[in-house]
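The values are calculated or read from the model by the stated rules, or taken from the named source; none is laboratory data. If you're wondering where the values come from, they're calculated on a predicted model, not measured in any experiment. Cβ coordinates were reconstructed from backbone atoms using ideal geometry, including for glycine residues, and neighbour counts include every protein chain displayed. Only protein heavy atoms, including side chains, enter the accessible area calculation; ligands, DNA and RNA are left aside. Shrake-Rupley method; radii C 1.70, N 1.55, O 1.52, S 1.80 Å.
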Amino acid sequence: MSKIAYINSSSSGVDYHRLSNPLSYLADDHEITAYNSIPLDKVDDVEADVLIYSRCMYEPEQMDIIQKFKARGTRVIVDIDDYWGLPQKHPAYLDYKQHGIPKKIVQSIKWADMVWTTHSKLAQEIDKLGQKRVRVYPNALDPTDEQWVPKHLESDRFRIGFVGGVTHEHDLYETATGWKVAHAENEYLQGVLCGVNDDALEMYQRYHYIMSGGGGGDVRAIAQMDVHNYGLMYDRMDVSIAPLYNNKFNTLKSNLKIVESGMKGTPIITSWMHPYSDDAPGIYKTDNWRKAFAKILRKSKRQLQDEGEQLREYVLENYDIRNHQREI
């Protein structure tokens, strides 16, 4: 039985999907311990055959920490879920630049004994750094987890929902004209804005403005839920959306929104670009959000529910986390 230490630095979706949830399925065969951080002076206190963390360590002594673990014979695995080169429009761009995070992620990749990542295109970027030991583990979900069991809540409104954090403002702008025209043409349309929180209230007010078609359309706001419950938000929509504006960073993201929406039996409209390369009933790809909204609004709810059920079958076949367990 191996001793595994992993750094679960926050309650974010990244750590949940890429570390704590996948590693929980290894608990029967390994001794697993989570740490908020492991500073250099605490390395000797950690008994581990394997050390796993996401992206990089934020301590300034990252390289010294890695070398100290490796000198003891501990294997180091880093999980890379996103491209490390942020576009200038990204809200975290200046902070990443100021603290040298892209450089730290690249160092982390080069020094790791193995890298886990989400798909082959990102694996190719990792390979360019000289790291040949890369394994692809797609984002996946447990269909028996209560939050991912479909429990569609009916409504007399036609609900199009957006589940996205504060980094997606420019992505959501891609849909602005679609919302404006759709609200003008369909009195039953309701935007469902998920994840609203007081810490980023101004940002979500801008999201609200976009999804209301410029201020006049109906939008329902749903407060932020933690990583163990946020899947319940999909029960309050008939269709979800996953817009991305086209840049290198976004093309190297994962298809998690398809996996989430599909697991809940909810059809989804996505931008017509990688990472949304899956083809299945219930996935609508578009480079024209006005036309996409018009097309989806011509569907009956019964049609959409049927497509959602087919999409769920596709996701169950391809993204059941029990079929993508990590190998240590």
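Take peptides 62-74, 228-240 and line them up by average Cβ neighbours within 10 Å, highest first, as a rough protection proxy.
So the peptides 62-74, 228-240, ranked by packing, come out 228-240, 62-74.
Write down the Kirkwood hydrodynamic radius of the chain, to one decimal in angstroms, obtained as one divided by the mean of 1/r over all alpha carbon pairs.
The Cα-based Kirkwood calculation yields 20.9 Å.
How far apart, in nm, are the 7 Å Cα→Cβ label points at ALA223 and ASP142?
2.6 nm
In debye to the nearest 20, how big a dipole does the chain give about its Cα centre with +1 on each Lys and Arg Cβ and -1 on each Asp and Glu Cβ?
Using Cβ point charges on Lys, Arg, Asp and Glu, the chain gives about 1140 debye.
Which of rounded, prolate, oblate describes region 175-301, given a ≥ b ≥ c as roots of the alpha-carbon gyration tensor eigenvalues and a/c under 1.5 marking rounded, otherwise prolate only if a/b is larger than b/c?
On the way: a/c = 1.29, a/b = 1.06, b/c = 1.22.
Cα axes put region 175-301 in the rounded bin.
Using modelled backbone amide H atoms (1.01 Å from N, in-plane), which distant-in-sequence or interchain residues come within less than 5 Å of ILE32's amide H?
It is ILE4, by chain and number.
Report in % the part of the accessible area of the chain that belongs to carbon and sulfur, leaving out ligands and nucleic acids; probe 1.4 Å.
46 percent
Once label points are set 7 Å from the Cα along Cα→Cβ at both MET273 and VAL14, what is their separation, rounded to one decimal in nm?
Distance between the two pseudo-spin positions: 2.0 nm.
To the nearest 10 degrees, how steep is helix 176-185 against the longest Cα principal axis of the chain, on a 0 to 90 scale?
The answer is roughly 30 degrees.
Using the Cα atoms of region 1-148, I'd like the radius of gyration and the largest Cα-Cα distance, Dmax, both in angstrom.
15.3, 46
Mind ranking 84-93, 270-279 by how tightly packed they are, going by the mean number of other C-beta atoms within 10 angstrom, highest first?
Numbers: 84-93: 15.3, 270-279: 17.8.
Per-residue Cβ counts within 10 Å, averaged per peptide and sorted highest first, yield 270-279, 84-93.
Amide H neighbours of GLN190 under 5 Å, at least 5 residues apart or on other chains, H built in the peptide plane: list them.
Residues meeting the amide H criterion: PHE158, ARG159, ILE160.
How many Å² of accessible area per residue for region 78-233, probe 1.4 Å?
49 Å²
Please work out the Cα center distance from region 274-316 to region 42-74, rounded to the nearest Å.
Between the Cα centre of region 274-316 and that of region 42-74, the gap is 44 Å.
Apply 1/(1 + (r/R0)^6) to the Cβ-Cβ distance of ALA71 and HIS152, taking R0 = 56 Å, and write down the FRET efficiency to the nearest 0.05.
Between ALA71 and HIS152 the formula returns 0.55.
Rank these by accessible area, largest first, 1.4 Å probe: ASP79, ASP41, ASP218.
Highest to lowest solvent-accessible surface, that is ASP41, ASP218, ASP79.
Counting each pair of different Cα atoms once, what's the Kirkwood radius of region 116-184 in Å, rounded to one decimal?
16.5 Å
Amide H to amide H under 5 Å from ASP79: which residues, 5+ apart in sequence or cross-chain, H placed 1.01 Å off N in plane?
When sequence neighbours closer than 5 places are left aside, the close amide H contacts are TYR53, SER54, ARG55, TRP116.
Gain in length, VAL166 to ASP320, computed as 0.36 nm per residue apart minus the alpha-carbon separation, to one decimal in nm? Let's see the in-between values first.
Values: separation 154, 0.36 × 154 = 55.44 nm, distance 2.75 nm.
Between VAL166 and ASP320, full extension yields 52.7 nm more.
Straight distance only, please: which aspartates and glutamates reach the Cα of LYS301 with their own Cα at less than 17 Å, same-chain residues fewer than 8 apart left out?
List returned: GLU154, ASP156, GLU187, ASP235, ASP238, GLU309.
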